[in-house]
1. May I ask you to work out the translational diffusion coefficient for region 203-243 at 25 °C, viscosity 0.890 mPa s, via Stokes-Einstein with Rh from the Kirkwood sum over Cα pairs, reported in whole µm²/s?
2. Just the Cα atoms of region 56-106: what Rg and Dmax do they give in Å?
3. With angles folded into 0 to 90 degrees, how steeply does helix 20-31 sit against the dominant principal axis of the chain? Use alpha carbons for both and round to 10.
4. If you take the alpha carbon radius of gyration of region 454-575 and divide it by 2.2 N^0.38 Å, what ratio comes out, to two decimals?
5. At 222 nm, what helix-only mean residue ellipticity would the chain give, in deg cm²/dmol to the nearest 500, using -39500 (n - 2.57) for each DSSP H run of four or more?
6. Mind listing P(r) for region 118-213? All alpha-carbon pairs, 5 Å bins, whole percents.
7. If you average the C-alpha positions of region 67-134 and of region 1-33 separately, how far apart do those two centres end up, in angstrom?
8. What percent does the relative contact order of region 427-500 come to when contacts are Cα pairs within less than 8 Å and at least six residues apart?
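The values are calculated or read from the model by the stated rules, or taken from the named source; none is laboratory data. What you see is a predicted model, and the numbers here were worked out from it, not measured in a lab. In this analysis, Cβ positions are derived from the backbone assuming ideal geometry, glycine residues included, and neighbour counts consider all displayed protein chains. The accessibility values were calculated without ligands, DNA or RNA, using every heavy atom of the protein model including side chains. Shrake-Rupley method; radii C 1.70, N 1.55, O 1.52, S 1.80 Å.
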Amino acid sequence: MLYGYKILVYCTSKIDYENFSDFISALNIELIKHNWRILVFCTDSDLHSQTKNKDGERDFFNLINFNVADALLVSNRYILDDELKSNLVRQAKIRNIPAIFIAANNPDAYNINFNQRSGLGKIITHVIKHHRIRDLHFMAGSENSIESEERLEIFKNTLSKFNIPFDKETMVSYGDFWDVPAKSATEKLLAREKIPKAIICANDTMAISVTSVLKEKGFYCPEDVIVTGFDGIPSIHFTTPKISSIVCDAKRLGYETATFLLDIVKNPQKAPYNKDIEPTMFISESCGCMAKQPANTLNYLNYLKDCYRRYRVEDAALNNMTVSIHDCKDITEVIAKLKNKLLYNVMCLVKADFIVAQSNPNIPMTKSVYGDTMFVIADSDNEEYIDLPLEQHFIKTKDYIPRMKQILTSYSYPLIFTPIHNSDLSIGYLCFFFKNYEKQNYTKVTQIASWMGNALSGYRNMQYQRYLQTKLEKMYQYDTLTGLFNRNGFIHTYNKIMGDKNVTTLTMVMCDLDNLKHINDNFSHNEGDNAICIVGKALSKGVGNVVSGGYYCRYGGDEIIGIFPTEVSADLIKEQLNAFIDSYNITSNKPYKVSTSVGVVTSPKATFEELFAKADKLMYEEKVTKKHCRKN
């Protein structure tokens, strides 16, 4: 339960399919009467194929917080990863909540199904008895698919009832439940010497393809070949001829699923059981019967045109946004770009490491898919969101989204979660909270998710490239031991100072560590490195804290130099240097004393070589004087 509402977690894919809107509206309308809310977790693919994208989408279901779930619903036809389904059922069992599967026979769950045996058997019987056809062919789905094999078995059993012999080799083709494979299979079938009198298709999509190929090859349907489908998708009413089919009405399935769930919750002691729904036979032109109801083809075509036009316009606008997001310099610019009228009723959340420029986008920083914290990068309906300080954009992953209580209370429509990923790497997720059941909105879910994945992964890669470029530049310009400029970086900076018209006078400081060989030989090279660093700090911090605007460099092994774009007293520089080093020697407890010889020269603008030679000469003179004093 979440904020006083019972929560149904619904796992599925492909919500842009024609029937999803009908199903989810009927399911939700019934459940909200009983204080339920639906959280839909959907992916673009059915997770069947072994691809990197599958890994990115499969990980998404780890987002589900079963601690607030009161029931689990899974579309078996649209989630084809058996391991994932088993894990979902296992999580439901641990929390003692019911798991319901649609179009399945899962022994560990409740199952709700259209009675395929009864429905498909009805239309095959209609073709045999009413149209007196005994020469039938079956256009199956995918070979070895459980659903396809079940429908093939129904075909065989129905033929047996009428004493019609079955031969799989000549009476079965495979169209993979899709248009292109079905067309190819039909072309092969029509190339045979003997053409069947009826083609029974395992779904409507293949039936439409079969009639299309028949027409292309000069055959008439139903005069030459009868064709039937299964499922009852809207398109069967707008083809020529209209397709006879078995209608598995999505609205009815939604309503029946809701009442099934409510009954299970009301009687929790019942062992898991199955519920069958009788489908409806829709008799129409493709089998030789008259259409029972006229279809307004013009309105439907205009609707499809409007959908296509809207999709193209929005897709072009989104592509333009992609470029601008890739060019954003930081996350605040991305947040501003995502405040766009194309993004409505949606929140976008990314993993916390997404905003860390130096994290490699190809290597996850957390053990779990999303980690414990998410960063809210877009909240379309919150006008104040864009002005919030960045630290207020973080939320706990288990809470899903900000304003959850407000949204559950204000809107009774389902919340739709979908992943954002780049191949197999999870970036974050989207949450849509539409205020209607408009079909075009559900198409928008997959469109926005795909676009967001491209836009954000591109931005993230650009950020990491900039970080690496900056790192390389620092490696080129800075000394790794002291953190000061190296020779390349210092010369580059010196040339910039020379080009500054406001600079007329320069002061260069040359420091050379005394007795480096003695320290290395007697106390280790690590201690020699330490002494070099102390001289560097004495110049950059001891002097730099008093005289601003200086640049510092480890020029050679133990040579530290500095440049000030102004006149600085040599006595001041030496005083600050020696004070820093004396303080270090007193507190360090090192078995040696750090000291340095110094040369300071102030001059009108001159070349680096000229100024360096003068400072070096003065430094050397001081070093010789020190040696002479030690001998005496």
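1. Answer from the Stokes-Einstein relation: 244 µm²/s.
2. When restricted to Cα atoms, region 56-106 yields Rg and Dmax of 10.6, 28 Å.
3. Compared with the principal axis, the helix lies near 90 degrees.
4. It is 1.31.
5. Roughly -14000 deg cm²/dmol at 222 nm, from the helical runs in the chain.
6. 3, 14, 27, 26, 21, 9, 1
7. Rounded to whole Å, the Cα centres lie 16 Å apart.
8. Values: 20 pairs, mean separation 11.9, N = 74.
Across region 427-500, relative contact order equals 16 percent.
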